[in-house]
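The next block holds one structure in the form of structure tokens; read it before the comments.
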Amino acid sequence: MSYPNNLKYTKDHEWAKVDGKTAVVGITEFAVHALGDVVYVELPKVGDKVKAGAAFGAVESTKATSDLFSPASGKVVEVNTPVTDAPETLNQDPYGKGWLIKIEISDSKELDTLMDSKAYEAHAKASAH
């Protein structure tokens, strides 16, 4: 499994690609693999507020339904609506076309609690057991 170095990761298996005050958010390859075939994605609306560590949506697969947790607080500025129409995109490209939302970050200090790829890889290995 791959965990790109340019991303930050949560303990709940979300990733964030930070660019200035904006974060693109998705779920990791580990999460996608654990879920199996994704069949439904529920996302917030543009303008909704999200809070670091709080659920902002859900992913349903053939195995389970899992909440999606925000890596940072802020306002949703974009939603990847094509993923809601084609949820299998998460299985095919979790770090590219499978991104979920873009957040305008309200407190960049929250990003300091996220893991880098090495720490996340260790966390994912521990989670798998």
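The values are calculated or read from the model by the stated rules, or taken from the named source; none is laboratory data. Keep in mind the model is a prediction, meaning the values are calculated, not measured. Methodologically, a virtual Cβ is constructed for each residue, glycine included, from the backbone with ideal geometry; neighbour enumeration extends over all protein chains shown.
Worth a mention:
- Taking first residues from region 29-47 that are under 14 Å from S70 (Cα atoms) and partners that are surrounded by fewer than 17 Cβ atoms within 10 Å (Cβ to Cβ) and modelled with pLDDT of 95 or more, the Cβ contacts under 6 Å between residues at least 6 apart in sequence or on separate chains come to E42/A58.
- Taking region 96-112 as the range and being touching a residue at least 40 places away in the same chain (Cβ under 8 Å), in a helix (DSSP H, G or I) and over 15 Å from the mean Cα position of the chain (by Cα) as the test, the residues that pass are S108, E110.
- Subset of region 1-30 [over 26 Å from D107 (Cα atoms) and of a type in the set (G, A, S)]: S2
- Per-region count, region 113-122, residues part of a helix (DSSP H, G or I) and within 12 Å of P71 (Cα to Cα): 1
- Tally of residues being among the small types (G, A, S) and in contact with a helix residue (DSSP H, G or I) (Cβ under 7 Å, 6 or more places away or on another chain) across region 96-129: 2
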